[in-house]
Amino acid sequence: MTTDTNTSPVPEPSTGLVREWTACALVRAATRFLPVPFLDDAVAERATRTVVSRTLRAQGRSYAAPALEPLYRDEGARRRGFAARAVRKVLFFPVRKYTKVITAVHGVPNDVARVLLLGRATHRRLALGELAGPAGDQLTQEATEVRAAYEKVVDEMDLKLLRGAVSDGLGQVKDLTGSVLSFARRRFTRSSEDAEAAAQAPEGAVAEGAEQVQQALDRPEVVRLLEEFDRRMDERLARVRAA
């Protein structure tokens with residue numbers, strides 16, 4: 001992939017790293033179908049955290065992913081606190097889960113696309129020398145700014161092409177949902193270390209799904225959309241930091 005001339009040149013993420021992001025993105029999307037309260041959220045967060053962690057390792061950072069917690073954790077959930085979330089989760093879990101399942105045709109590609117864009121945004125900030133560490137308040141503030149910019153840009157952009165490419169890739173793999181759910185239960189419910197190892201070596205249909213999505217991302221129109229995402233992220237962060 002090439003880089004848009006309006007953005008600072010940054011090496012594209014490696015094939016291996018994108019495959020790791022995609023395996024985690026598939027797990028994140030599959031939590032729509034996990035029928036256990038709290039487990040679905042825990043696995044979703046661990047999958048997203050693994051994307052951040054693997055990107056840190058790829059860029060040679062020595063601090064751990066929790067230093068960038070705002071990147072992978074839902075800020076609204078943090079503000080509500082555990083007790084409030086627990087009550088809401090138990091009361092509304094059947095309705096929320098039913099809604100997620102019936103909207104999965106569109107929701108799963110969207111979930112995957114959002115995780116891939118978060119990985120890309122993290123990779124770019126690190127490659128530009130940002131989020132340099134060490135862990136501390138300044139790093140947390142930078143991560144908060146990046147997450148806020150990411151949310152704004154994702155909301156503003158038309159991601160139909162990206163979601164369509166993801167959907168096309170996933171459609172090439174048989175029995176993918178069951179395989180990803182099994183993979184998620186076995187490898188993303190125990191420890192962050194186990195999740196990282198799983199991301200590096202996805203299995204069976206999960207590996208095939210990651211490869212198919214990765215190939216879809218190389219379509220010229222998708223490459224241009226990713227470059228536009230980079231440009232908008234750069235511009236929004238520049239405005240925030242100049243204020």
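The values are calculated or read from the model by the stated rules, or taken from the named source; none is laboratory data. If you're wondering where the values come from, they're calculated on a predicted model, not measured in any experiment. Cβ placement follows ideal geometry from the backbone for every residue including glycine, while neighbour counts extend to all protein chains displayed.
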Only one of these is closer than 25 Å to LEU126 by Cα and either modelled with pLDDT of 50 or more or surrounded by 15 or more Cβ atoms within 10 Å (Cβ to Cβ) (or both): ALA65, ALA77. Name it. ALA65
Taking the residues in the range 198-225 that are among the hydrophobic types (A, V, I, L, M, F, W, C) and over 22 Å from VAL173 (Cβ atoms) as candidates, determine which candidate is surrounded by the fewest Cβ atoms within 10 Å (Cβ to Cβ). VAL223
Could you tell me whether ARG231 is modelled with pLDDT under 90, surrounded by fewer than 19 Cβ atoms within 10 Å (Cβ to Cβ) and farther than 24 Å from VAL108 by Cβ? no
Considering only the range 198-212, state which residues are more than 13 Å from VAL27 (Cβ to Cβ) and assigned to a helix (DSSP H, G or I). GLN200, GLY204, GLU208, GLU211, GLN212
Condition first: part of a helix (DSSP H, G or I), more than 17 Å from the chain's Cα centre (by Cα) and of a type in the set (Ser, Thr, Tyr). Can you find one or more residues in the range 181-192 that meet it? yes
Report yes if ALA195 is out of contact with any Pro (no Cβ under 9 Å at 6 or more places or on another chain) and within 25 Å of ALA65 (Cα to Cα), otherwise no. yes
Top-ranked residue of the range 19-56 - restricted to ones that are free of Cβ contacts under 8 Å to residues at least 40 places away in the same chain and surrounded by fewer than 21 Cβ atoms within 10 Å (Cβ to Cβ), ranked as farthest from THR177 (Cα to Cα): GLU45
